Amino acid sequence: MTQFHQWFQELQAERAIKALKKNNFDARFFPKASEAVEEVWKMIPEGSTVGYGGSLTLNQIGFLEEAQKRPIQFLNPFAKGLSPEEGEKIRRQIFSADFFLSSSNAVTEDGKLYNIDATGNRVGAMIYGPKKVILICGANKIVKDIAEAQKKVKEWTAPMNVKRLGYKNPCGQTGECSDCASADRICNAYVILAKKPRRTDISVFIIGEFLGL
Ligand code: SF4
């Protein structure tokens with residue numbers, strides 16, 4: 001990333017953070033992922049139950065690896081070796097966890113969060129259930145507004161996620177959305193958090209690095 005990209009992204013992040021705060025989210029900027037991760041672990045006391053919403057960003061910053069070593073009860077429905085029934089049980093346990101960690105598909109400069117979800121457990125847990133939600137996003141997730149978020153996530157993020165997850169949906173072959181009816185369609189719920197949901201404490205950490213899709 002050039003110094004000009006960095007300058008531009010920091011100004012975008014500043015606008016998004018100001019607007020997120022106005023919309024009652026706790027929002028903070030960290031130039032480096034390691035600083036955000038350090039802050040996350042300061043917030044999570046020993047013995048906490050911590051739910052994980054599948055996220056390339058969290059994997060990239062080393063959260064997933066570290067969570068498995070910490071003295072916490074880590075709820076990972078994607079853990080290797082789980083049966084579908086065990087994964088499902090963990091997804092439901094996450095709704096009563098102390099913490100839920102994930103990313104957001106997009107963050108708008110006017111302080112909104114936009115996500116698509118296949119099952120709905122990830123967006124569901126962001127809204128109500130876990131007492132504290134921490135969303136970690138690279139500054140590349142910032143877009144102007146919801147219209148731009150919808151376009152970017154549908155035309156860019158979703159096809160790349162399908163490819164990453166190895167599904168057979170058409171966009172995983174063509175790179176374009178055809179509004180498929182595939183069994184593995186990942187775009188079933190389109191959710192905008194316009195302001196912080198009433199009973200959930202949400203922190204949005206924006207990192208000055210390119211992370212996730
Ligand atoms: S609706 Fe189907 S084709 Fe379109 S992005 Fe989602 S999974 Fe891909």
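Just so you know, all these numbers are worked out from the coordinates, no wet-lab data involved. Just so we're clear, the structure is a prediction, and the values are computed from it rather than from any experiment. Every residue, glycine as well, gets a Cβ built from its backbone with ideal geometry; the counts of neighbours run over all protein chains shown.
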### Task
Find me the longest stretch of the chain that has none of the exposed chymotrypsin sites (Phe, Trp or Tyr not before Pro), where exposed means in a DSSP loop (not H, G, I, E or B) with at most 15 other Cβ atoms within 10 Å.
129-209
### Message
List the aspartates and glutamates whose Cα sits under 19 Å from the Cα of Lys131, skipping any in the same chain fewer than 8 residues away.
### Response
Asp26, Glu39, Glu46, Asp98, Asp201
### Query
Which distance in nm do the two modelled labels at Ser178 and Ile192 give, with both placed 7 Å along the Cα-to-Cβ direction?
3.0
#### Entry: Value at 222 nm in deg cm²/dmol, rounded to 500, when DSSP H runs of n ≥ 4 in the chain each add -39,500 (n - 2.57)
-10000 deg cm²/dmol
### Query
Which semi-axis lengths, in whole Å and largest first, follow from the square roots of five times the eigenvalues of the Cα gyration tensor of the chain?
24, 23, 16
### Query
What's the FRET efficiency of Met160 with Arg199 using the Cβ-Cβ distance as r and R₀ = 35 Å, to the nearest 0.05?
0.60
### Query
Which entries of Lys21/Lys132; Lys21/Lys154; Lys112/Lys151; Lys132/Lys196; Lys141/Lys163 show an alpha-carbon separation above 21 angstrom in the structure shown?
Lys21/Lys154
### Under 17 Å from the Cα of Lys69 - lysines, other chains or at least 8 residues apart
Lys42, Lys80
### Query
Using r as the Cβ-Cβ distance of Glu38 and Gln6, and R0 as 30 Å, what FRET efficiency do you calculate, to the nearest 0.05?
0.90
### Query
Which residue, Gly111, Gly51, Gly81, tops the fluctuation ranking in a GNM of the chain built on C-alpha contacts under 10 Å?
Gly81
### Task
With both partners inside the range 30-188, how many of the DSSP beta bridges are antiparallel, as a percent to the nearest 5?
15
